[in-house]
Amino acid sequence: MNVDSGTLAFPEVTATAKAAADWVNGHGGIGGRPLKLEICSTDGSTATTTKCANELIGKKVLAVLNGNAALDPALPIFKKAALHIFGVSGSPAVSGDPGNTLMAVPPAAATAAIGPVHRAMGINNGVYVLPNLGPEIKKVFGGIKTAAAASDLQLTLSVVAPVNPDFTAAVNAARTTDADGLMFSFAENDCTNAVRTAKSMNWDGELAVGQCNQFVRDLGPQAAGVTSTVELFPFSARASAEKYDSHLKEEFDEYEAAVQAAGAEEYLGYGYATWGYSTVMTFADILKGIDGDVTKTSAEHAIGAFKGRQVLGTPKDCRAKLMPGANCGRHLILLESHADGTQTLVGGKPLDLGAVVGEK
């Protein structure tokens, strides 16, 4: 399931998920059997989300792979059908249920890491610029702001319209607060426009973005110095990622080949594109490791007990989570963008949140 249309859409996630399924099936499938990927697209509304949920149940799927959908309206439906949700990330309701499995770090751990993450970015007094998607935004930011204050950081929230956001006004407002950093979190095109606007207005503080990545290729030298916080290694960080972990070379080779074979190379530089590809490829690896028949029950057990490499990501151990819930991740990936269209890992490796949350 993925949001492929509407106010905040991520069609690149579905495109690369399809590319991954084609690649799996073109290379032996799952024990010689094809992986059938049922695509159900939503526009983010309750109506299309619940419609998708009922359609997937009717097709007797093994599990629900979440691209970047707001699944909350469908959760009671999936729960009743005993369907496991697997993906990179999810809403607080999805993340809080240990009956699901997500590869990202626990939201509470990410919040606890606000101090070291922002210091790595050089930000002490920052403004978060986010699309106004309702009261949930302010609620989530409240927790972030509290954690920041505990680390002697000052963060403020600036919301803009989700359609045609006014980034000029956001940058001017940030200047009135003497902020030393701006953080944007938007889909690819708006993210690129946000960075372009700040740079063209000669913003001289730090610039950071969350997950989006196309700006690196679109803006060239203008992208230099922008930092990113991402869940998976983007194609633009390939050289730095492979230096950190040589296993990633083969994964990047396959990613590029699969996306090109599917005619989706336009999405190769998109940050969220890795979500669809990685989710399907990691899911396929899990199914290949099942000893015996692949059933809904055996798949659910294998997903929940996953220990291994998340494709295009960091190693995961879902049997040793940092915190209770669905999330198996423990690393945040911080990247710095360069004028030549590449990105490098800040500090040369992902940030391990084990020490941040006081793991024993």
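Scanning region 303-315 for residues that are closer than 20 Å to residue 20 by Cα and not β-branched (Val, Ile, Thr) yields 306, 308, 309, 310, 312, 313, 315.
Applying the condition of being in a helix (DSSP H, G or I) and aliphatic (A, V, I, L, M) to region 178-235 and asking which residue is surrounded by the most Cβ atoms within 10 Å (Cβ to Cβ) yields 216. For residue 256, the conditions (1) part of a helix (DSSP H, G or I); (2) outside the structural domain of residue 318 (by TED's automatic domain parsing); (3) within 28 Å of residue 8 (Cβ to Cβ) all hold with the exception of (2).
Within region 259-277, if we keep just the residues that are out of contact with any Cys (no Cβ under 6 Å at 6 or more places or on another chain) and not in a helix (DSSP H, G or I), the residue that is nearest to residue 18 (Cα to Cα) turns out to be 262.
Considering region 293-329, the residues that are charged (D, E, K, R) and part of a helix (DSSP H, G or I) include one that is surrounded by the fewest Cβ atoms within 10 Å (Cβ to Cβ), namely 296. Scan region 55-82 for residues that are under 20 Å from residue 44 (Cβ atoms) and in a loop (DSSP other than H, G, I, E, B) and the total you get is 5. Scanning region 93-120 for residues being over 24 Å from residue 335 (Cα atoms) and in contact (Cβ under 8 Å) with a residue 24 or more places away in the chain gives a total of 8. Within this structure, residue 135 passes the test of being more than 20 Å from residue 16 (Cα to Cα), modelled with pLDDT under 90, more than 21 Å from the chain's Cα centre (by Cα) and surrounded by fewer than 21 Cβ atoms within 10 Å (Cβ to Cβ).
The values are calculated or read from the model by the stated rules, or taken from the named source; none is laboratory data. Only a predicted model underlies this, so the values are computations on that prediction, with no experimental measurement involved. Because the Cβ atoms are built from the backbone with ideal geometry, glycine has one as well, and the counts that use them run over all protein chains shown.
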